[in-house]
Amino acid sequence: MKFGVLIFTLFSFLSTFSNNFENADLIFIENKGQYPSEVLFAASVTEGTIFITKNAFVFNYCELPNEEDSEVFKKRTSQLVNCVATKIQFSTKDHLNGILKNNLAETKYNYIKGKSSSVRNVNGYREVILKEIEPGIDLKIYSQGLQLKYDFIVKPNARFADFKLKTEGFDLVEKENGHLKLTTCIGEWIEDIPLAYVQEGKEKNRVSAEVMVAGDEISYKIFGDFEGKELVVDPILIFSTYSGATADNWGSTATYDKHGNLYAGGITSHYAGGTFPSTIGSFQTVY
């Protein structure tokens with residue numbers, strides 16, 4: 001009997017900003033002490049940060065004031081902003097079988113922590129792979145432009161039918177007209193009806209896939225014959241209402257040296273979704 005590999009692909013379409021000088025990619029910055037120890041990587045997106053741990057995605061978002069209209073910027077005053085921390089758990093394991101870091105970014109990242117400590121020369125990557133998040137299942141995380149993508153790569157004999165994603169921090173998780181809808185206090189995420197196909201050479205033969213919701217758990221049901229073949233399941237996750245200002249980054253200075261290296265300095269507000277949340281759910285903070 002021949003076996004193949006099942007590849008489960010998710011596209012997360014995000015209105016994002018890049019706080020680096022790379023070519024329109026999300027950069028997954030390695031944690032070298034600038035974040036709590038449970039964080040493996042972090043990537044900046046509009047109004048917040050995506051954190052990657054060994055068993056979950058953690059999203060920290062704030063509804064930031066508009067730079068042109070807000071009193072925060074006109075009078076340099078503070079105001080309360082609504083924020084939400086959500087979590088999508090993809091593993092129940094407490095360890096991984098390895099991490100692959102691919103496509104090293106050219107930029108090095110440096111962090112000042114308080115008045116006396118710093119973290120310097122931190123690497124960022126355009127792709128990371130978490131090995132064996134569950135038996136026989138790897139997780140590949142990357143981007144297409146500024147669109148977050150992640151694939152579940154399912155090896156022969158892995159029990160993908162039992163694989164589930166567990167959500168936390170959302171006000172409502174529901175299936176609506178075949179779509180997955182995740183609601184928070186400051187916006188909705190809509191996952192399109194997943195596309196699934198078997199890859200045979202250059203041919204892509206469609207098979208059916210359906211998102212399933214049971215309480216706070218999400219799974220995907222696959223129909224059709226894909227034994228011994230590569231299967232790609234491709235839902236599209238749209239962060240539909242997270243499209244506000246990216247006012248948590250200010251560039252203050254930039255220069256270059258005789259070797260053509262570019263140096264930039266600025267301020268990043270750690271209140272604007274940039275810190276790893278200690279608790280999951282809705283909260284307010286002063287901005």
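The values are calculated or read from the model by the stated rules, or taken from the named source; none is laboratory data. Keep in mind the model is a prediction, meaning the values are calculated, not measured. Here Cβ is always computed from backbone atoms with ideal geometry, including for glycine, and neighbour counts include all displayed protein chains.
Annotation note: Cβ proximity below 8 Å between a residue of segment 47-66 that is assigned to a strand (DSSP E or B) and a residue that is at pLDDT below 90 and charged (D, E, K, R) (sequence gap 6+ or interchain) occurs for Tyr61/Glu47; Cys62/Glu47; Cys62/Asp248.
Identify the residue in segment 192-245 that is within 17 Å of Lys155 (Cα to Cα) and among the β-branched types (Val, Ile, Thr) and, among all such residues, is modelled with the highest pLDDT. It comes out as Ile222. Just so you know, in segment 130-151 the residues that are over 14 Å from the mean Cα position of the chain (by Cα) and part of a strand (DSSP E or B) include one that is surrounded by the fewest Cβ atoms within 10 Å (Cβ to Cβ), and it is Lys131. Applying the selection to segment 209-221, what residues are surrounded by fewer than 18 Cβ atoms within 10 Å (Cβ to Cβ) and in a strand (DSSP E or B)? Answer for segment 209-221, where residues must be surrounded by fewer than 18 Cβ atoms within 10 Å (Cβ to Cβ) and in a strand (DSSP E or B): Glu210, Met212, Val213, Ala214, Glu217, Ser219, Lys221.
Scanning segment 188-208 for residues that are under 23 Å from the mean Cα position of the chain (by Cα), surrounded by 19 or more Cβ atoms within 10 Å (Cβ to Cβ) and part of a strand (DSSP E or B) yields a count of 3.
Any residue at all in segment 14-36 that is over 18 Å from the mean Cα position of the chain (by Cα), at positive phi and at pLDDT below 95? Within segment 14-36 (the criterion being over 18 Å from the mean Cα position of the chain (by Cα), at positive phi and at pLDDT below 95), the answer is yes, since at least one residue qualifies.
Among the residues of segment 167-199, write down those that are out of contact with any strand residue (DSSP E or B) (no Cβ under 8 Å at 6 or more places or on another chain) and of a type in the set (D, E, K, R).
Taking segment 167-199 first, the residues out of contact with any strand residue (DSSP E or B) (no Cβ under 8 Å at 6 or more places or on another chain) are 176-177.
Within segment 167-199, Glu176 is the sole residue that qualifies.
Would you point out the residue of segment 1-13, among those that are in a strand (DSSP E or B) and among the hydrophobic types (A, V, I, L, M, F, W, C), that is modelled with the lowest pLDDT? So that I can check it myself, show each step before the final result.
Pass one, segment 1-13, residues in a strand (DSSP E or B): 6-13.
Pick out the ones that are also among the hydrophobic types (A, V, I, L, M, F, W, C) and you get 6-8, 10-11, 13.
Working: Leu6: 54, Ile7: 53, Phe8: 52, Leu10: 56, Phe11: 52, Phe13: 41.
Filtering segment 1-13 for residues that are in a strand (DSSP E or B) and among the hydrophobic types (A, V, I, L, M, F, W, C), the one modelled with the lowest pLDDT comes out as Phe13.
Does segment 91-105 contain at least one residue that is exposed (fewer than 13 other Cβ atoms within 10 Å of the Cβ), out of contact with any Lys or Arg (no Cβ under 9 Å at 6 or more places or on another chain), not polar (S, T, N, Q) and not in a strand (DSSP E or B)? The answer is no; no qualifying residue exists.
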